[in-house]
Amino acid sequence: MTADYELCRLILRDRRFGVVTPFHPALPKPIRRALDKTDLGLPNLGEPPSMLVTDPPDHTRYRRLVRHAFGPKAIAALEGRVTEATNDLLDRLESKPRPDLIEDFSAQLPVTVIAEILGLPADMHPTLLKWGDTGAPLLERGLSWTTYRHAIEDLVEVKQYFDHYLDELAAEPNNDVLSMLATDGETTRREQVANAALLLDAGFLTTVNMLGNGIVLLTGHPDQLESLIAQPDLWPNAVEEILRYDGPVRMTGRVANCDVDIAGERIESGSLVLLSLAGANNDPAVFPDPQQFDVTRDNATEHLAFSSGIHGCLGARLARLEGAVALRTLFERYPNLSLDGPPVPHPLRNLHAYRSMPAKLLAD
């Protein structure tokens, strides 16, 4: 295990290391056989063929199919729509005496945007949020049986929905990313469903957490918020500092695919290496005074909150855009916004987030 920034970045970019999967050859054969025989064939984010947990060449093939939808031009073209959706949500907040900034704002914006990117109807938003909430724990380890069972029950619904929807797109494709998946002759339907579900969940889960974490940080550091109100051009850098200081993902892992000598250590083939992203983002060798939240930090963009290497977050540009627009618009409209009591943390360990965040909106 390491929390050293340079080591984490090096290992994330080193092709001698692969992603951690439940079916990795390093597992004892009896366990692998048991997992294979009990494979439910559901679109679990933490199991292949989700591109999150596949290595090249499959990972390369999946990512190539969908990356155009999250490229620089595609995301830049979304700025107006993100701004419009943000203002619509803030208009609705005005009628709520005690809004929940997670349920009523931070969750609603990214699910609205990713649903539109994927061509999913607006009336699906509550269902999509439910699927995301129950599915997120599958990225954790050591789940209770009850939590796992609820997640699997929802994954059955996810599979049925995307099976049907991809059938429709295969028959009558649109000019969108899921149509590209549905009409690709080199991927199986299971691969298509798994990665459609991944695009959905990854498209809003971490952004919900980033926005919630950012609201807590900014209300807790009024001096930094004052700087942002006075210098709006700092908002993009503020989002980077939020990600560095309190990123939504604490840790990831890699498995050595061969014997590797690194940092004076021999890591044997099949060994698991845990990488503390939160620790790396607080490495004083890279980030001076790392425990200081500073929206003007010169190298805030060097954080590893979005991972690095070939598994760097596909939706990082979208998350950055949504973060800068949503937080800026929220605090410009409500510069005296305050939390109405402590926010309720989400009971996850690796994904750092809040479940609810009651607030008082004060425009003046």
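The values are calculated or read from the model by the stated rules, or taken from the named source; none is laboratory data. Please read all numbers here as calculations on a predicted model, not as lab measurements. A quick note on method: Cβ atoms are made from the backbone with ideal geometry, for glycine too, and the neighbour counts reach across all protein chains shown. Only protein heavy atoms, including side chains, enter the accessible area calculation; ligands, DNA and RNA are left aside. Shrake-Rupley method; radii C 1.70, N 1.55, O 1.52, S 1.80 Å.
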### Failed item, numbered, when Gly212 is tested on (1) under 21 Å from Asp340 (Cα atoms); (2) of a type outside the set (Val, Ile, Thr); (3) open to solvent by 10 Å² or more (accessible area, probe 1.4 Å)
(3)
### Task
Six or more apart or on different chains, Cβ under 7 Å: which pairs go from a residue in segment 247-261 that's without any contact (Cβ under 8 Å) to a residue 40 or more places away in the chain to one that's open to solvent by 10 Å² or more (accessible area, probe 1.4 Å) and of a type in the set (Gly, Ala, Ser)? Could you list them?
Asp259/Ser269
### Message
Considering only residues that are surrounded by 12 or more Cβ atoms within 10 Å (Cβ to Cβ) and among the small types (Gly, Ala, Ser), which ones fall in segment 137-186?
### Response
Ala151, Ala170, Ser179, Ala182
### Message
Which condition from (1) open to solvent by 50 Å² or more (accessible area, probe 1.4 Å); (2) touching a Phe, Trp or Tyr at 6+ places or on another chain (Cβ under 9 Å); (3) assigned to a loop (DSSP other than H, G, I, E, B) is the one that Asp283 breaks?
### Response
(1)
#### Entry: Candidate set from segment 344-354 (those that are under 27 Å from Thr301 (Cα atoms) and in a loop (DSSP other than H, G, I, E, B)); member that is most open to solvent (accessible area, probe 1.4 Å)
Arg349
### Task
Restrict the check to segment 251-272 and report whether at least one residue is assigned to a loop (DSSP other than H, G, I, E, B), crowded, with 16+ Cβ neighbours inside 10 Å, in contact with a Ser or Thr (Cβ under 7 Å, 6 or more places away or on another chain) and not β-branched (Val, Ile, Thr).
yes
### Task
Search segment 81-98 for residues that are without any contact (Cβ under 8 Å) to a residue 60 or more places away in the chain and pair each with any residue that is surrounded by fewer than 20 Cβ atoms within 10 Å (Cβ to Cβ) when their beta-carbon atoms are under 6 Å apart and the residues are at least 6 apart or on different chains.
none
### Message
Suppose we keep only residues that are farther than 30 Å from Asp340 by Cα and not in a helix (DSSP H, G or I) within segment 68-98. Which one would you say is farthest from the chain's Cα centre (by Cα)?
### Response
Ala77
#### Entry: Selected residue (criterion: farthest from the chain's Cα centre (by Cα)) from residues of segment 1-41 that are at pLDDT 90 or above and part of a loop (DSSP other than H, G, I, E, B)
Arg16
### Message
Would you confirm whether or not segment 314-327 contains a residue that is open to solvent by 30 Å² or more (accessible area, probe 1.4 Å), within 30 Å of Thr21 (Cβ to Cβ) and at pLDDT below 95?
### Response
yes
### Failed condition for Ala202, given (1) open to solvent by 40 Å² or more (accessible area, probe 1.4 Å); (2) at pLDDT 95 or above; (3) closer than 25 Å to Glu140 by Cα
(2)
### Summary
Sole miss for Ile152 among (1) in contact (Cβ under 8 Å) with a residue 40 or more places away in the chain; (2) more than 23 Å from Asn209 (Cα to Cα); (3) part of a helix (DSSP H, G or I); (4) not aromatic (Phe, Trp, Tyr) is condition (2)
### Summary
Here the qualifying pairs (Cβ atoms under 8 Å; residues six or more apart or on different chains; first in segment 331-342 and over 14 Å from Pro358 (Cβ atoms); second of a type in the set (D, E, K, R)) come out as Asn336/Asp364
### Task
Check segment 86-94 and report whether any residue there is over 25 Å from Leu155 (Cβ atoms), at pLDDT below 90 and not polar (S, T, N, Q).
yes
### Query
Take the residues of segment 187-197 that are in contact (Cβ under 8 Å) with a residue 60 or more places away in the chain and part of a helix (DSSP H, G or I): which is most open to solvent (accessible area, probe 1.4 Å)?
Arg190
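Is it true that Leu211 is more than 27 Å from Leu138 (Cα to Cα) and of a type outside the set (Lys, Arg)? Don't jump to the end; show me each part of the working.
Details: more than 27 Å from Leu138 (Cα to Cα): no; of a type outside the set (Lys, Arg): yes.
No.
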#### Entry: Hey, Gly119 among the small types (Gly, Ala, Ser), in contact with a helix residue (DSSP H, G or I) (Cβ under 8 Å, 6 or more places away or on another chain) and open to solvent by less than 20 Å² (accessible area, probe 1.4 Å) or not
no
### Filter result for Leu228 (over 23 Å from Phe293 (Cβ atoms) and either touching a residue at least 40 places away in the same chain (Cβ under 8 Å) or open to solvent by less than 50 Å² (accessible area, probe 1.4 Å) (or both))
no
